[in-house]
1. Taking only the alpha-carbon positions of the chain and ignoring solvent, what does the Debye formula give for the base-10 log of I(q)/I(0) at q = 0.09, 0.10 Å⁻¹?
2. Which of the helices in the chain, when you take each full DSSP H run, stretch at least 18 Å along the axis at their Cα atoms and have an average Kyte-Doolittle score of 1.0 or higher?
3. Please compute the length gained on full extension between residue 4 and residue 38, using 0.36 nm multiplied by the number of residues separating them and subtracting their Cα-Cα distance.
4. Gaussian network model of the chain, Cα springs within a sub-10 Å range: biggest mean-square fluctuation belongs to which of 161, 90, 226?
5. Which log10 I(q)/I(0) values, to two decimals, does segment 75-128 give at q = 0.28 Å⁻¹ under the Debye formula with one point per Cα?
6. Separation between the residue 232 and residue 125 pseudo-spin-labels, each 7 Å from Cα along Cα→Cβ, expressed in nm?
7. How many angstrom lie between the Cα centre of segment 158-220 and the Cα centre of segment 97-122?
8. Could you put 5, 108 in order, starting from the residue whose Cβ has the fewest other Cβ atoms within 10 Å?
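Read-outs: derived from the displayed coordinates by stated rules, not from any lab. Everything numeric in this text was worked out from a predicted model, so none of it was measured. Cβ coordinates were reconstructed from backbone atoms using ideal geometry, including for glycine residues, and neighbour counts include every protein chain displayed.
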Amino acid sequence: AVVLLLIIAIVLAVILSPKDFKSTFMQRCKNFNGNNCAAIWDAFQKAYVNRDQCDVPPEAYDSLIEAAPLETSCNRMMFWSKTKDVAQDLAAKKNCSTLERTLLGSILDGLTWCGKRGSNETLTEGCPKWDDCVKNPVRSFWNRVSAAFGDAACGDVTVMLNASIPTPFDPKSIFATVEVKRFKSSKVKKVTVVLVTDMNSVTNCKNKSLQDLQNMLDKGIIYSCLEVQKSRIQECISDQNKSCGSCW
Ligand code: APR
């Protein structure tokens, strides 16, 4: 009986243990057709291994970005805040580029990682949560890649925001603190806010925070805001023939 229990315990431990982080990383990298995934892994883990879990600044990922530059195309870039699911579904359907559809974004979307002092391991448990400290490995990664994604913005860009919250342009969001600030009028022609509305909407394009967004844009960038019902967006996702925008 003891042996049987031991076997059950071992089997359970194997099933329940998180899939090895590195193998998930490499698999996702290869699925994206990353050609030097070993070098990308190397640059990635150097950012946080052997470091205090709350002392990894965004710059720690500079060499990762160098090893795996973001590839994007003008007029097809989509930004979002508080609309992750619908934005990703739309981008996939319309072949538009969200950060999560770039190589680095797709590898690390949904993952948690950190290191610890005195070890070269990558941990996936006991890592700081998003708000536990500012300079945690995950938050700094998203800040750093979002800066690169914002820098790459060009042509007409689309931003999906949520009308079911009082402040669709949240001043603390990555979109507000990192991305918008990097839109340059020499490259970005127009910013179109698609404000997703539904029965629970509490606001519209006249929202004060959207005025703030407009004021934050470089002079010369055209701003427009469209209120679009979520049901209409769902039709844009499911029906090819529906007349929608280029990225919605
Ligand atoms: N706790 C945990 N995760 C968080 C938190 C938090 N408090 N805040 C943000 N995140 C992570 C989550 O993964 C969440 O899905 O960031 C994601 C986006 O958060 P939002 O507040 O919805 O949006 P925003 O901060 O504006 O980030 C999205 O930044 O990553 C880029 O290009 C992307 O335009 C997009 C924008």
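1. -0.46, -0.56
2. Both cut-offs are met by 2-16.
3. That works out to 8.2 nm of additional length.
4. 226
5. These q points yield log10 I(q)/I(0) values of -1.09.
6. My value for the distance between the label points is 4.8 nm.
7. Comparing the Cα centres of segment 158-220 and segment 97-122, I get a distance of 27 Å.
8. The most exposed by this proxy come first: 5, 108.
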